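Below is one structure, written out as structure tokens, with a few remarks after it.
The values are calculated or read from the model by the stated rules, or taken from the named source; none is laboratory data. None of these values were measured; they are calculated from a predicted model. Here the Cβ is made from the backbone with ideal geometry for all residues, glycine too, and neighbour counts use every protein chain on show.
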Amino acid sequence: MKFAEFFPGQVIEAGPYHVTEAEVLQFAGAYDPQWFHTDPDAAAQGPFGGLIASGWHTCGIAMRLVADAALAGSESFASPGLAYLKWKHPVRPGDALRVRATVLETRRSASQLHLGILRWRWQLFKQTDTEVLDLEATSLFDLNRT
């Protein structure tokens, strides 16, 4: 989507994304090697009662869904960061995740007129409609880019 296509109140939904045990183990082994992400037997005895995905993995899944649904072909080029990030519930192998991105604000930079600024909330839900991720992101768009 192009920056001009976004508007406050707009809701963009995408998914599902099916989480596999192999993917959970691979991501955790490379980036978040804590036992409850990497050891199914130990995780079964832990506080979550089984293997869970890293929160950072969950963020990556949300990013993939949003990139495919809204940012592909856009003028988006960067993000200055997040206002907040919350991991509400664990993600497990076998979950089917979907994202809901709600546009909060669109505006042009006052000092750099070629810069579009999009502030939006991303929520990730599993198949039971349980919210697993909630964040507010800012995305930057170069309006001189075609």
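Given the options Val19, Val66, name the one that is under 13 Å from Pro90 (Cα atoms) and crowded, with 17+ Cβ neighbours inside 10 Å. Step by step, each of Val19, Val66 is checked, and only Val19 is under 13 Å from Pro90 (Cα atoms) and crowded, with 17+ Cβ neighbours inside 10 Å. Among the residues of segment 79-91, is there at least one that is out of contact with any Phe, Trp or Tyr (no Cβ under 8 Å at 6 or more places or on another chain), surrounded by 13 or more Cβ atoms within 10 Å (Cβ to Cβ), modelled with pLDDT of 95 or more and at positive phi? No, because not a single residue in segment 79-91 is out of contact with any Phe, Trp or Tyr (no Cβ under 8 Å at 6 or more places or on another chain), surrounded by 13 or more Cβ atoms within 10 Å (Cβ to Cβ), modelled with pLDDT of 95 or more and at positive phi.
At least 1 residues being over 16 Å from the mean Cα position of the chain (by Cα) is the threshold, and among the helices (runs of 4 or more DSSP H) wholly inside segment 35-146 those reaching it are 35-38, 40-44.
Within segment 1-34, the set of residues being touching a Gly at 6+ places or on another chain (Cβ under 9 Å) and assigned to a loop (DSSP other than H, G, I, E, B) comprises Met1, Lys2, Phe6, Val19, Thr20, Asp32.
Listed here are the residues, each with its yes/no results for (1) surrounded by 12 or more Cβ atoms within 10 Å (Cβ to Cβ); (2) acidic (Asp, Glu); (3) within 24 Å of Phe77 (Cα to Cα).
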residue	(1), (2), (3)
Phe3	yes, no, yes
Gln10	yes, no, yes
Glu13	yes, yes, yes
Val24	yes, no, no
Asp32	yes, yes, no
Trp35	yes, no, no
Phe48	yes, no, no
Trp56	yes, no, yes
